[in-house]
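*Asks:* Submitted below is the structure of interest, expressed as structure tokens.
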Amino acid sequence: MKHQLYNPNFNFISKPESFNKYSDREFLRYCLGATMYMPGTKQFASKIISGAMPGLTTIVLCFEDACPEDKVTEAEENVHKLLDSVTDAVDSGRLSPDNVPLIFVRIRNLQQFVHFGNELTKKQVRSLAGVNFPKFNTSNGEAYYQYLSELNDKFSEVIYGMPIIEDPEVAYKESRLNQLLGIKSILDKYHDLVLQVRVGGTDFSSVFGVRRGVDYTIYDIMAVRDCLCDIVNVFGRNNDYIIAGPVWEYFRTPNNPLITEMPKHSLDDYLMKRLPIVNYEIDGLLREVILDKANGFIGRTVIHPTHVKYVNALMAVTREEYEDACMILGSSQGGVVKGSGSNKMNEIKPHTNWAVKIYMRAKAFGVIENQQAYIKLFS
């Protein structure tokens with residue numbers, strides 16, 4: 001797969017690189033971008049094979065919240081058929097291996113995971129990138145990863161796991177730290193099987209009986225912001241784990257809103273001052289992704305196809321960021337140097353972790369000229 005294919009004529013400073021489930025994990029964990037959830041009952045194989053959504057690179061077929069309990073068996077059968085169809089299409093030459101999205105399943109619980117896993121075949125696993133573990137905590141996490149490890153051994157394949165930290169025990173302040181440290185201990189044990197850490201903003205909000213409106217971001221909801229802050233503190237140290245942002249709940253059709261006037265200032269400036277770019281729903285998403293990047297999150301969960309190109313576009317890196325990152329990573333000594341644009345200092349050692357993130361994001365999502373180029377990319 002490759003990001004930004006919805007706009008094939010865009011002129012990148014440096015184009016996004018290709019990736020698939022077999023790419024080096026250190027690179028792949030930066031590549032997921034907009035990860036779209038859909039019910040496990042969704043008939044989606046034909047869209048994958050036909051390339052109907054060129055911007056969509058990562059999907060999750062859900063057996064949990066998006067799937068009624070009485071439909072789980074049907075959903076499992078559907079996903080097995082989908083994985084067979086995708087692999088068959090690759091083997092017959094109807095689908096290039098480079099055009100297979102990263103396909104994940106979100107399991108319901110351990111029992112359902114084992115039931116689904118026992119029915120997997122070697123052929124199906126070739127098209128399965130990984131498994132998302134909902135409401136991941138210290139009580140269920142070890143068992144999830146132990147069985148995932150067994151599947152990897154059984155098929156001699158790579159199947160990644162992604163914990164979703166959204167459990168009430170993490171939301172509650174009195175139990176949060178013990179939970180997060182316990183979760184990290186589990187993930188450290190299975191480090192090479194962890195692709196990303198994901199978070200559930202909607203579940204955290206539910207605990208406190210709140211819901212952000214279209215004019216607010218998840219970072220405005222204080223109790224949820226507190227949870228996210230501690231998750232970043234525990235899992236984001238030294239880029240140990242890549243953390244993805246939570247879902248944005250609002251959308252509007254039509255699919256391609258027109259931008260009639262290009263902003264006269266930077267995208268960040270417009271969004272933070274609540275000046276209109278696209279529409280209320282998309283502007284809210286853009287504003288939240290801007291804050292995701294400021295806080296170290298990379299990519300996010302999406303639940304509507306109209307969100308995909310906006311999230312992935314904003315993951316691209318500006319030329320100035322990229323040049324600063326290369327300058328920092330290319331230095332063999334410490335110290336301070338004047339940054340690209342002659343408007344900032346680059347302090348080599350303190351800025352190294354930031355530079356690694358920027359460099360890897362640039363490989364995954366591309367390098368663009370400046371802030372206004374974001375709008376040209378997604379419009």
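Derivation of every value follows stated rules applied to the coordinates shown; laboratory data play no part. None of these values were measured; they are calculated from a predicted model. Every residue, glycine among them, receives a Cβ derived from its backbone with ideal geometry; neighbour counts consider all protein chains shown.
*Asks:* Ranked from highest to lowest mean number of other Cβ atoms within 10 Å per residue, what is the order of the peptides 127-133, 68-74?
*Replies:* 127-133, 68-74
*Asks:* Also, I was wondering about something else. Show me 219-231, 266-278, 314-326 ranked by packing, highest mean number of other Cβ atoms within 10 Å first.
*Replies:* Going by the mean number of other Cβ atoms within 10 Å, highest first, we get 314-326, 219-231, 266-278.
*Asks:* While we're on this one: Please arrange MET345, MET36, MET327 by counting, for each residue, the other beta carbons lying within 10 Å of its beta carbon, fewest first. Don't jump to the answer; show the numbers that get you there.
*Replies:* Working: MET345 9, MET36 22, MET327 17.
Ranking MET345, MET36, MET327 by Cβ neighbours within 10 Å, fewest first, gives MET345, MET327, MET36.
*Asks:* Would you tally the net charge around ILE49, using a Cβ to Cβ cut-off of less than 14 Å, leaving ILE49 out, and scoring K and R as +1, D and E as -1?
*Replies:* Values: positive: LYS47, LYS81, ARG94; negative: ASP84, ASP88, ASP91, ASP98.
Result for the neighbourhood of ILE49: -1.
*Asks:* Another question about this same structure. Under the Karplus relation 6.51 cos²θ - 1.76 cosθ + 1.60, θ = phi - 60°, what is the ordered set of whole-Hz ³J(HN,Hα) values for the stretch 161-176, x standing for Gly and Pro?
*Replies:* x, 10, x, 10, 8, 7, 6, x, 5, 7, 5, 6, 4, 5, 10, 4
*Asks:* Under a cut-off of 20 Å between alpha-carbon atoms, report the aspartates and glutamates in cross-link reach of LYS47, not counting same-chain residues fewer than 8 places apart.
*Replies:* GLU74, GLU76, GLU77, ASP84, ASP88, ASP91, ASP98
*Asks:* Apply the Karplus curve 6.51 cos²θ - 1.76 cosθ + 1.60, θ = phi - 60°, to the phi angles in the stretch 54-68 and return the couplings in whole Hz, x for Gly and Pro.
*Replies:* x, x, 8, 10, 9, 10, 10, 9, 9, 9, 9, 4, 7, 10, x
*Asks:* Given points 7 Å out from each Cα along the Cα-Cβ axis, report the SER50 to THR73 separation in nanometres with one decimal.
*Replies:* With each label placed 7 Å out from Cα toward Cβ, I get 3.1 nm.
*Asks:* Please compare each pair in LYS189/LYS293; LYS184/LYS309; LYS21/LYS71; LYS21/LYS309; LYS173/LYS273; LYS81/LYS189 to a cut-off of 23 Å on the Cα-Cα distance and tell me which ones are over it.
*Replies:* Over 23 Å apart, Cα to Cα: LYS189/LYS293; LYS184/LYS309; LYS21/LYS71; LYS173/LYS273; LYS81/LYS189.
*Asks:* Within 10 Å, count the other beta carbons around each residue, average over each peptide in 10-22, 158-170, 103-115, and list them highest first. Don't skip to the answer; put the middle values down first.
*Replies:* On the way: 10-22: 16.6, 158-170: 22.7, 103-115: 19.3.
Output ranking for 10-22, 158-170, 103-115: 158-170, 103-115, 10-22.
*Asks:* Exposure proxy check: ILE375, ILE328 ranked by fewest other beta carbons within 10 Å?
*Replies:* Values: ILE375 17, ILE328 23.
Ranking ILE375, ILE328 by Cβ neighbours within 10 Å, fewest first, gives ILE375, ILE328.
*Asks:* Can you list residues from other chains, or at least 5 along the same chain, whose modelled amide H is less than 5 Å from the amide H of TYR160?
*Replies:* Hits under the 5 Å cutoff: GLY130, VAL131.
*Asks:* For the chain, find the longest principal axis of its Cα atoms and tell me its angle to the long axis of helix 72-92, 0 to 90°, nearest 10.
*Replies:* 70 degrees
*Asks:* If I take every Cα pair under 8 Å that is 6 or more residues apart in the stretch 87-240, average their sequence separation and divide by the length, what percent do I get for the relative contact order?
*Replies:* Relative contact order for the stretch 87-240 comes out at 19 percent.
*Asks:* Follow-up. With both partners inside the chain, how many of the DSSP beta bridges are antiparallel, as a percent to the nearest 5?
*Replies:* 10 percent
*Asks:* If you take the beta carbon distance between GLN371 and LYS189 as r and set R0 to 35 Å, what does 1/(1 + (r/R0)^6) give as a FRET efficiency, to the nearest 0.05? Please list the in-between numbers first.
*Replies:* Details: r = 41 Å, r/R0 = 1.18.
In this case the efficiency is close to 0.25.
*Asks:* Just to confirm my numbers, what's the Cα centroid distance between the stretch 1-57 and the stretch 307-379 in Å?
*Replies:* So the separation of the two Cα centres works out to 21 Å.
*Asks:* Pick from ASN178, ASN118, ASN279: which residue has the top mean-square fluctuation in a GNM of the chain where Cα pairs under 10 Å get a spring?
*Replies:* ASN118
*Asks:* Would you grab the residues whose amide H sits under 5 Å from the one on ILE243? Only those 5+ places off in sequence or on another chain, please, with H modelled 1.01 Å from N.
*Replies:* Close amide H contacts, sequence-distant or interchain: VAL197, ILE298.
*Asks:* Show the residues, 5+ positions off or on another chain, whose built amide H is closer than 5 Å to the amide H of ALA34.
*Replies:* Hits under the 5 Å cutoff: ARG300, ASN312.
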